[in-house]
Amino acid sequence: MIDFRNRISPWYWIPSLYFAQGLPYVMVMTVSVIMYKRLGISNTDIALYTSWLYLPWVIKPFWSPIVDMFKTKRLWVLATQILMGAGFAGIALTLPADNFFRITLAVFWLLAFTSATHDIASDGFYMLALDVKEQSFFVGIRSTFYRIATIAGQGGLVVVAGWLEKSTGSITTAWSSTFLVVAALFVLIFGYHTAVLPKPDSDTTVTRERVRVSALFREFGAVFSSFFKKRHIVTAILFLLLYRFPEAQLVKLINPFLLDAVEKGGLGMSTEDVGIAYGTIGIIGLSAGGIIGGICAARGGLAKWLWPMAWSLSLTCLAFVFLAYFQPQNFAVISACVFVEQFGYGFGFTAYMLFMIYFSQGEHKTAHYALCTAFMALGMMLPGMAAGWIQEMLGYERFFVWVMICCAITIAVCAFVKIDADYGSAPKHSDTEENRAEAK
């Protein structure tokens, strides 16, 4: 007899699965920055310590074999979801503590590792539970709900926190309540997925007798070494690490800049307004830029569009130079500048994604793509760590000028990177890393 759950439509679980994949990332990497800024943490500490939270995604390829070796992908998905619910509850409950910064950072660190593990398990489950035709059909659906999660976290939940700040009169209570909402949501997601996730026959537990750890790690070593034997590996790694060098610094200071008082060089926006301007309008701009970039690249290929996209990513940073020097208080003007910068980033980031796909071609392309995304995360982590210190040394005006100067590095690595002239329109890559990177 066929288990009914094996025939449940993917429409019942793919949207919720990828919403659950996107929300923790944006809560850890973006919403945490806003929360810490509202709670009075310095820009130096915010940028340094939240940049460390990229590390689980940097080293994710190294522990992904464990998820493959033990238990089922379905079990990993469910276990990580309930753990994330507990983690968000832990943030909520420890925010009132005197040493909340240290404690919540530790919990965010555990959440980041759990979220990265959930990424591995859910992407693997997606491939096991669907046939090839279904996988292709639902690529756009999973990407859409990942982005909805980004807007819900970076926009909706920040707006809720801002409203609670005003209604309760306590910033700590507001953010504690917001994280309790997220915790409850993940408990509900866990319960829902327990009921609806199918149990594909191919998603089986690997017994100890079948596990050949030494063989597995020999294979991993071969894949790893073959990546570093690729042609032009040095220029490729430099491109992966440095193409986003200015944006990696900018992203850590956008929210603090929007929130800081005018007399401190910021724009003095409320938490609610930041949620709308950056978390909603900005994400719409980011998505629009990515969509148009994909259309352009499909018609001309990476070699043709590399330079326009690099300049787009670089020149649109001028929007924050303008905001820092003129400090407009008009919400529409600020939102328009945020939209322009995010649109330029989304358009310019297309070249980066296409390059990772291009460089991963050949044997072991899935594993090589994962290694590319590890360098991608490292390229965001390292510059971001120093961004807060640089800003506090220079002030916002000169910091954004510094970011513009750093755009020369983006242009320089484009001059040296090697791309075959006949590399035309690239296939659309379905990995959620694309959405995550665009969401920053």
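The values are calculated or read from the model by the stated rules, or taken from the named source; none is laboratory data. Given the structure is predicted, the values throughout are model-derived calculations rather than measurements. Because the Cβ atoms are built from the backbone with ideal geometry, glycine has one as well, and the counts that use them run over all protein chains shown. Note: areas computed on protein heavy atoms with side chains; ligands, DNA, RNA excluded. Shrake-Rupley method; radii C 1.70, N 1.55, O 1.52, S 1.80 Å.
Quick look at the values:
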read-out: J(HN,Hα) series, region 324-336, from Karplus relation 6.51 cos²θ - 1.76 cosθ + 1.60, nearest Hz, glycine and proline x; value: 5, 7, 9, 6, x, 9, 7, 4, 5, 5, 4, 4, 5
read-out: Those chymotrypsin sites (Phe, Trp or Tyr not before Pro) in region 41-100 that DSSP places in a loop and that have at most 15 other beta carbons within 10 Å; value: Phe70
read-out: For region 393-405, Karplus couplings with θ = phi - 60° (6.51, -1.76, 1.60), whole Hz, Gly/Pro x; value: 6, 9, x, 5, 4, 6, 5, 5, 5, 4, 4, 5, 4
read-out: Value of Rg to Rh for the chain (Rh from inverse mean 1/r over Cα pairs, i.e. Kirkwood); value: 0.96
read-out: Ile284 - accessible surface, heavy atoms, 1.4 Å probe, Å² rounded to 10; value: 90 Å²
read-out: Where labels lie 7 Å past Cα in the beta-carbon direction, separation of Leu188 and Arg231 in nm; value: 5.4 nm
read-out: Shape of region 280-331, Cα gyration tensor, a/c cut at 1.5; value: oblate
read-out: Cα pair distances in region 127-205, grouped into 10 Å bins until the bin that holds the longest one, percent each; value: 16, 30, 29, 17, 8, 1
read-out: Ellipsoid equivalent to region 372-420 - semi-axes via the Cα gyration tensor, in Å; value: 25, 16, 5
read-out: Selected from Gly379, Thr104, Leu302, residue furthest toward positive end of dipole (the chain; charges at beta carbon); value: Leu302
read-out: Accessible surface of the chain [probe 1.4 Å, protein heavy atoms]: carbon and sulfur percent; value: 67 percent
read-out: Largest-first ordering by accessible area, 1.4 Å probe, given options Thr114, Thr410; value: Thr114, Thr410
read-out: Accessible area (Å², 1.4 Å probe, nearest 10) - Arg398; value: 140 Å²
read-out: Overall dimensions of region 213-353 by Cα: Rg and Dmax, Å; value: 19.2, 62
read-out: Sum of -39500 (n - 2.57) over DSSP H runs of 4+, divided by residues of the chain (222 nm, nearest 500); value: -24500 deg cm²/dmol
read-out: Contour excess over end-to-end distance, with Cα ends at Ile141 and Phe326 and 0.36 nm allotted per residue; value: 62.5 nm
read-out: Hz values of 3J(HN,Hα) by residue in region 248-262 - Karplus curve (6.51, -1.76, 1.60), Gly and Pro given as x; value: 4, 7, 4, 4, 6, 10, 4, 5, x, 5, 5, 8, 4, 5, 4
